[in-house]
1. Given labels modelled 7 Å from the Cα in the Cβ direction, how far is it in nm from K120 to Q140?
2. Would you work out the charge dipole size for region 144-188 about its Cα centre, treating the Cβ of every Lys and Arg as +1 and the Cβ of every Asp and Glu as -1, and quote it to the nearest 20 debye?
3. With the cut-off at 30 Å, tell me which of the pairs K87/K155; K166/K210; K155/K222 have Cα atoms farther apart than that.
4. Charges at C-beta only: +1 for Lys and Arg, -1 for Asp and Glu. How large is the resulting dipole of region 122-209 about its Cα centre, in Debye rounded to 20?
5. For K87 and E70 in one chain, what is 0.36 nm times their gap in residues minus the Cα-Cα distance, to one decimal in nm?
6. Rounded to the nearest 10 Å², what accessible area does W46 have for a 1.4 Å probe in the complete protein model?
7. What does region 65-215 give for Rg and for Dmax, in Å, if only its C-alpha atoms count?
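The values are calculated or read from the model by the stated rules, or taken from the named source; none is laboratory data. Here the structure is a predicted model, which means the values were calculated and not measured. Note that each Cβ is placed from the backbone with ideal geometry, even for glycine, and that neighbours are counted across all protein chains shown. We work out accessible area using only protein heavy atoms, side chains counted, and drop any ligands, DNA or RNA first. Shrake-Rupley method; radii C 1.70, N 1.55, O 1.52, S 1.80 Å.
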Amino acid sequence: LFNWEGKPAILGFLGDVTERKLTEKALIESERRYRLLAENSADVIWTLDPNLRLTYISPSVTRMRGYSIEEAMQATVDEALTPGSAKIAFNAIRDLASEKENGEQESPTGQVLELEMRCKDGSTIWTETTISLIQTADGQPESILGVTRNITQRKRAEDDLIENEKRYRLLAENVTDVIWVTDMELKPTYVSPSISRLLGYSVEEALTGKLETVMPRSSLEKVNEAFAEVMALAE
């Protein structure tokens, strides 16, 4: 390029890139905040690529499952989950992709799954895992975002409750005494089968009846008095 005198010259263009620089700065700040949140959360935050390989996992995986970040990143979905939970996870991921292909609206909270995960010491834990599909600007699946929370204690409490209820029912249905439960209006909500041997009523008849049909007035008054005393103690 030459100037009007025929001497060599350099041609340059100036453009305003302020908006682009501000966008880049905002993106960097957003990513910094996200990483700060992810790396300090008790929940494990992770992402999978379309081939279902981990591309990120937060440091809390070490506290939750005992693996280092490097070890956890190398594991496949099959290796991280028990067989039954891996099947649930694969089905959920397939459903997410299918919903997007069919143009269906994904739940704003994603899919919530209860999955059993393997720990480094050989034990397993129960987790509540939320998965969501992340798309590119043109709507193509880009990655899967997951948030995993340890709910082992809650699951154990639920299992203990189920087991206790099973034992209670087994006991109640095999004793000779009649075991019964009423609501706050003294309407029966449970009556053991021994009611048939003692009074001749079926369980269904006893549940649809009222106390006054099986008790004389004097006994019913005592029951009401006892109920009132119990309620007074509870207040």
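1. 3.7
2. Here region 144-188 has a charge dipole of around 340 debye.
3. K155/K222
4. Computed about the Cα centre, the dipole is about 260 debye.
5. My answer for the length gained is 3.7 nm.
6. Spelled out: W46, probe radius 1.4 Å, area about 40 Å².
7. 24.8, 74
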